[in-house]
1. If each of Ala71 and Ser19 carries a label point 7 Å out from its Cα toward its Cβ, how far apart are those two points in nm?
2. Mind checking the dipole of the chain: about its Cα centre, +1 per Lys or Arg Cβ, -1 per Asp or Glu Cβ, Debye to the nearest 20?
3. Restricting to DSSP H runs of at least four residues, report the calculated mean residue ellipticity at 222 nm for the chain, -39500 (n - 2.57) per run over all residues, nearest 500 deg cm²/dmol.
4. Once you have the Cα-Cα distance between Asp106 and Leu87, take 0.36 nm times their residue separation minus that, and quote the gain in nm to one decimal.
5. In sequence order, what are the phi-derived ³J(HN,Hα) couplings for region 19-30 according to the Karplus relation 6.51 cos²θ - 1.76 cosθ + 1.60 with θ = phi - 60°, rounded to whole Hz, with x for glycine and proline?
6. Between Asp33 and Thr61, how many nm apart are label points set 7 Å from Cα along the C-beta direction?
7. Of the options Ile62, Val108, Phe42, report the single residue whose Cα projects farthest towards the positive end of the charge dipole of the chain (beta-carbon charges: Lys, Arg +1; Asp, Glu -1).
8. Looking at (i) 129; (ii) 89; (iii) 99, which value of volume of the Cα convex hull per residue in Å³ comes from a calculation on the structure shown?
Amino acid sequence: MTFTLQRGTNISHWLSQSSGRGEERRAFFTRDDVRRIADFGFDHIRLPIDEEQLWDEDGETIPEAWALLHAGIVWALDAGLAVIVDLHILRSHYFNNTTEPRLYSDTVEQAKFVRLWQQLSQQLH
C-alpha cells in the first residue's frame, strides 16, 4: 500500500496550545471546516494534540477531548482526507521550558510517555 501526502494543513489551537474547552472548543473546528479544507484541494490534515487536552494530571482520559479527536478524524476520512495525529506537547516536555525537559532524565516520565502513546495507538487503531 502506498501512502502519499501532497498538500495538507495544520489544525492548530483546537486540541493543542489552546485554553478553550466546552462549547468554545467544540465550535472552533467543525465538520464544515473539514469540508472546506477538502474543497480547497488539500489531501490531508495534521491534528496536533496536547497531553493536557486529552489526559488529566492523573493520566485519566478526558472523554470530551477524545470524542472531538475521533470526530475530527471521521470528518476528515468522510471528506476523503488523510489524517496525521501529532502528540505535540507533553507536560514533561514543553518546548518553552527553560530547563531540560524531565522526559529526558526521569524514568517515571519516560514510562508515562510510552503509556500515552500506547493509549493513543489503541484509540486510533
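Values quoted throughout were computed directly from the atomic coordinates according to the rules given, and no laboratory measurement underlies them. This one's a predicted model, so the numbers in the text were calculated from it and none came from an experiment. Every residue, glycine as well, gets a Cβ built from its backbone with ideal geometry; the counts of neighbours run over all protein chains shown.
1. 2.3
2. Once rounded to the nearest 20, the dipole reads 380 debye.
3. Numbers: 5 runs with 54 residues, N = 125.
So the calculated ellipticity at 222 nm is -13000 deg cm²/dmol.
4. Numbers: separation 19, 0.36 × 19 = 6.84 nm, distance 1.90 nm.
Result for the pair: 4.9 nm of gain on full extension.
5. Per-residue couplings from phi come out as 9, x, 9, x, 4, 4, 5, 5, 7, 5, 9, 9 Hz.
6. Result for the modelled spin labels: 2.2 nm.
7. Phe42
8. (i)
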